[in-house]
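Okay, structure first, notes after.
What follows draws every value from the coordinates through simple rules; no lab data is involved. If you're wondering where the values come from, they're calculated on a predicted model, not measured in any experiment. Note: ideal-geometry Cβ built from the backbone for every residue, glycine included; neighbour counts use all protein chains shown.
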Amino acid sequence: MPPTPPQPVIQVRDLVKRFDGRAVLDGITLDVLPGEVMVIMGGSGSGKSTLLRCMIGSIRPEEGSIRLFGQEVCNQSEDRLNEVRKKFGILFQSGALFNSMTLAENVALPLQEHTDLGREIIDIQVKIKLELVGLREHADKYPGQISGGMKKRAGLARALSLDPRLLFYDEPSAGLDPVTSAEIDQLILDLTKKLQVTSVVVTHEMDSAFTIADRMAMLDKGRMLTVETREWYDALRKAENAEADAWPVEHRLIRQFLRGDAVGPITERKAATNYEDDLLGNLVAPKESMPSVVTTRARAVR
């Protein structure tokens, strides 16, 4: 008999999230398997950060389902949701450290708030977590005294403080130089292997994505285009132009995004907007409906 497939750590089904009546996520379905690095990518405004926020429970969708570790999170009370949150860690884009605390104090905070461990045990745990990210010797420094890359690593140490089974990364390479970005990528891979955690990484940095991903999910305008292996995306990226010309538009769109090409379906879609209609359309209200506006200079003359 074939082996039973592993139960997904995250199950997203038919997820819909709207802001001001506009669907930012439109029927998203996604499984994240134990121990894998899932990269969620897409252009600005594609919905990837909104999807992350739904998965961690900071915003609630209008429709659909999200299950973490087999537990539904969309309709949970805040108290029940907080119990689920103890099972995962988050590395925010900026690191989100408390500036008034040292790195050690930042890492210790979740242990102090959510465990009954004594001070000596917490101190040992903090040193272990800071050693994992290469910052043990900087434990007594404040966030204002360290570089951007070190802040990311310190934020990751804090995300690891409760020994989570799942880690979320929000643009981990954003704002970093290429060498520091590569160090963060290697750290993600090392921690995933050493700690056997599942990782979900939201990014639009393609070099980083192809370095760390096991599988990749591509969003576009709130829709999930495809979820495939890194190798599948890599073959798409490296295909010759003559071959790609015969592909469906969605595959050509993905290829343009992966390669960063200046010409393709994404730019053609932007150019399709009728500039004249936009410029001369009903952007200005009729005079009779416009409020009376008098400039400061005109009032002074009066």
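Order these by the 10 Å Cβ neighbour count, fewest first: GLU120, GLU250.
On the way: GLU120 8, GLU250 14.
The order, fewest Cβ neighbours first, is GLU120, GLU250.
If you find the alpha carbon centre of the stretch 176-222 and of the stretch 226-250, how far apart are they in angstrom? Cα centres, the stretch 176-222 to the stretch 226-250: 20 Å. Loop-located chymotrypsin sites (Phe, Trp or Tyr not before Pro) across the stretch 57-147 with a Cβ neighbour count of 14 or fewer within 10 Å are PHE98, with loop assigned by DSSP.
Summing Lys and Arg as +1 and Asp and Glu as -1 over all other residues whose Cβ lies under 13 Å from the Cβ of ILE266 gives a net charge of +2.
THR203 sits among other residues whose Cβ lies under 11 Å from its own Cβ, and their net charge, with Lys and Arg +1 and Asp and Glu -1, is -4.
Report the antiparallel proportion of the DSSP beta bridges in the chain as a percent, rounded to a multiple of 5.
Working: 21 of 38 bridges.
Restricted to the chain, the bridges split so that about 55 percent are antiparallel.
Cα-based values for the chain, radius of gyration first and Dmax second, are 23.3, 90 Å. In this structure the amide hydrogen of ASP220, modeled in the peptide plane, comes within under 5 Å of the amide hydrogens of LEU225, none closer than 5 places in sequence on its chain. Using a cut-off of 13 Å between beta-carbons, work out the net charge of the residues near ASP170 (Lys and Arg +1, Asp and Glu -1, ASP170 not included). Every neighbour counted, the sum reads +1.
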